[in-house]
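Enquirer: Right, I'll just put the structure down here and ask away after.
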Amino acid sequence: MEKKKTKSRMEMTHVDWITVYGMGSEKRGAELLKILRDKIGVKPNEKTYAGFGGGWFFEQFIDRGFRLSTNDEGSAKVELQGLYWTGAVSNPFEEFLKTAAKIRTIEHMNWKLTRVDVATDIFGLGLADAFPNPKSKRYKWGFAFNYHEHQTKTRIGEMLFTGFTIQKQRWSLTVYDKRVEITEGNPHPIKQSYFETLAEKDEPITRVELRVKSAEALVAVQGALTGVCKESEFCGAILKQWGDYHRIKTKGDHDEARFRQLFREIKPTTFERVKKEKIERLYDDFKEIKIRDMARDFIRYGINENQTADDVARIFQEQMDWLKENGELTKSSELPPSQKPKGDRSGSP
């Protein structure tokens with residue numbers, strides 16, 4: 001008797017974390033925290049705990065999965081965590097847009113996205129079948145990364161291998177067995193109920209989670225703080241942006257099928273991408289972004305898209321001009337010395 005095959009299904013990709021960072025307030029510390037709390041409209045009887053650490057005043061809302069933080073420099077953070085997006089809040093993305101609109105009314109504060117996690121939960125497929133394994137020699141990874149094992153802590157304190165994380169400084173991609181985390185770990189009851197409602201009994205669940213902190217990647221969705229968009233478009237813009245520059249291919253030089261489905265086949269159209277000129281100093285908090293990092297991205301783009309060296313050079317020059325116009329590059333002396341090759345292109349002296 002043949003074993004019945006389990007048909008996998010991919011639930012709608014959703015946001016799993018958002019951090020909104022604001023700065024420039026004339027109010028400070030605890031006073032700013034109270035203003036932020038009032039703007040969002042926290043209920044008097046909500047279960048919270050508050051404290052101070054690392055220079056930040058904070059308040060954690062336990063059963064809604066969000067955290068407010070402020071400091072004495074007039075900066076603030078609103079962190080909408082995993083629980084917020086998995087059952088603790090009804091219509092969480094709509095609530096995020098409402099929250100963004102409310103905090104923007106605080107005087108003299110400029111807000112920007114500094115972290116977004118986009119998660120896709122795949123039901124019916126185990127870890128080995130859901131996504132390519134970085135240790136496999138069957139695929140060509142068109143980008144460098146660091147590899148780490150992902151482990152889940154059980155209720156009795158044991159650490160179980162449940163997947164892997166590949167990462168660089170400004171992004172990480174984690175693929176792991178969500179079923180183990182739900183059944184063997186210690187999740188919040190709301191989150192556990194959320195997944196048990198979606199999944200069949202004992203059905204495998206694999207989580208594919210992309211975390212981006214780079215201002216360059218988040219520029220595609222920064223407009224969510226000032227306008228209305230759909231969650232699917234918001235997620236799609238981030239996944240597509242990452243997938244354009246981080247390709248996983250077969251030995252035949254084709255996009256690997258599971259990677260293509262998650263990152264390349266999506267076509268966000270209804271979310272209007274904000275022009276860079278309209279974003280005020282988006283790189284202020286990301287001083288680690290250097291010219292050499294941009295160069296690597298453009299070279300990688302050129303290779304992936306079969307662009308000529310002249311095309312890549314033109315695009316790079318346009319970006320350099322934009323940086324100069326917007327004050328990101330102010331002095332030629334700050335740039336590294338030119339490494340022009342000696343002689344002409346034909347190789348003659």
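Enquirer: What FRET efficiency comes out for the pair K251/I62, r = Cβ-Cβ distance, R0 = 41 Å, nearest 0.05? Spell out each step's value before the answer.
Expert: Values: r = 49 Å, r/R0 = 1.20.
Using R0 = 41 Å, I get an efficiency of 0.25.
Enquirer: Identify the GluC sites (Glu not before Pro) of the stretch 93-189 meeting these criteria: DSSP loop state and at most 14 other C-beta atoms within 10 Å of the C-beta. Mind dumping the intermediate values first?
Expert: Values: sites: E94, E95, E107, E149, E158, E181, E184; in loops: E107, E158.
Within the stretch 93-189, the qualifying GluC sites (Glu not before Pro) (loop, at most 14 other Cβ atoms within 10 Å) are E107, E158.
Enquirer: Given points 7 Å out from each Cα along the Cα-Cβ axis, report the V228 to N110 separation in nanometres with one decimal.
Expert: Placing both labels 7 Å beyond Cα along the Cβ direction yields 2.8 nm.
Enquirer: Sorting R314, R211, R258 on the 10 Å Cβ count, fewest up front, what's the list? Don't skip to the answer; put the middle values down first.
Expert: Values: R314 11, R211 19, R258 16.
Starting with the residue having the fewest Cβ neighbours, the order is R314, R258, R211.
Enquirer: Quick check: Cα centre of the stretch 157-215 to Cα centre of the stretch 44-69, how many Å?
Expert: 24
Enquirer: Can you list residues from other chains, or at least 5 along the same chain, whose modelled amide H is less than 5 Å from the amide H of D16?
Expert: D117, V118, A119
Enquirer: Here's something else I'd like to know. Run the paramagnetic zone check for F52: 7 angstrom along Cα to Cβ, then residues of the stretch 22-44 with backbone nitrogen under 12 Å.
Expert: Only 29-31 pass the distance filter.
Laboratory data are not the source of any read-out in this text; all were calculated from the coordinates shown. Because the structure is a prediction, the values reported are computed rather than measured. Quick reminder, even Gly has a Cβ in these numbers, built from the backbone with ideal geometry, and neighbours come from all protein chains shown.
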